[in-house]
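Derivation of every value follows stated rules applied to the coordinates shown; laboratory data play no part. None of the values given here were measured: they were computed from a predicted structure. Positions of Cβ are backbone-derived with ideal geometry, glycine not excepted, and every protein chain shown enters the neighbour counts.
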Amino acid sequence: MKFFVDTADIADIKELAATGLLDGVTTNPTLIAKSGRDVFEVLEEICAVVSGPVSAEVTATDAENMIEEGKRLSRIAKNIAIKVPLTLDGLKACRHFSDKGVMVNVTLCFSAAQAILAAKAGARFISPFVGRLDDIGQDGLGLIREICEIYRQYDAFKTEVLVASVRHPIHIVESARLGAHVATIPPKVIKQLFHHPLTDKGLEMFLRDWEKTGQKIA
Ligand code: G3P
């Protein structure tokens, strides 16, 4: 399973990239606004740190202007994935870019029917939002199960399932069990994945016992 980080905070991206566990980045208009930075400037900086796909979202709502914005965004770097919303116009723009070999991430997916459309439009990634479905009392992980099952039926569907709107480690573990290709995860949740109280306790014991030997390895 590939790990993308869902942020436009360059300090967090640098810290996580240094672990060697980061495969890409996703941003959206909200995250760019939160960074307080110029969209082109911050995306350029992110692409210089991470060589994997970096999603940059269009803000136009009609296909023609989405394509215009997408062209500008894709000039930032080769690893930019154009992010479009799951609307009729978004999928028109998706087809345009996919035919040109540009990666497209189709976002705001809340149903299996929408995920089928995105695959047919040649999307490189489909982003189902698990947390926002859970928030309204629906089954976010159930949607991941459905999409993974459908995509597996068709060799022609090359779209990767990118689990988005992740709220906690269980979303990651269960999505991995279902075979989702990618998860885009907030920095805080990536850090939560490392922790287990028995790891901390065990390490403390090992170090205490080791100190008693008076030895050094290096
Ligand atoms: O970037 C898309 C998605 O991950 C947003 O998540 O937490 O705003 O529902 P959230």
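Placing +1 on the Cβ of every Lys and Arg and -1 on the Cβ of every Asp and Glu, with nothing else charged, gives the range 113-218 a dipole about its Cα centre of roughly 280 debye. Where only DSSP H runs of four or more residues are counted, the chain gives -15500 deg cm²/dmol as its mean residue ellipticity at 222 nm, each run worth -39500 (n - 2.57). Name the residue from Gly24, Val166, Leu117 whose Cα lies farthest towards the positive end of the charge dipole of the chain, charges +1 on Cβ of Lys and Arg and -1 on Cβ of Asp and Glu. Result: Gly24. The lysines whose alpha-carbon is closer than 20 Å to the alpha-carbon of Lys212, local same-chain residues fewer than 8 away aside, are Lys201. Packing-based ranking of 179-188, 159-168, 18-27 yields 159-168, 179-188, 18-27, ordered from highest to lowest mean Cβ neighbour count within 10 Å.
Which three semi-axes in whole Å describe the equivalent ellipsoid of the chain, each the square root of 5 times a Cα gyration tensor eigenvalue, listed largest first?
35, 22, 15
Ordering Phe97, Val39, Gly52 by Cα displacement along the dipole of the chain toward the positive end leaves Gly52 in first place; charges were set at the Cβ atoms of Lys, Arg (+1) and Asp, Glu (-1).
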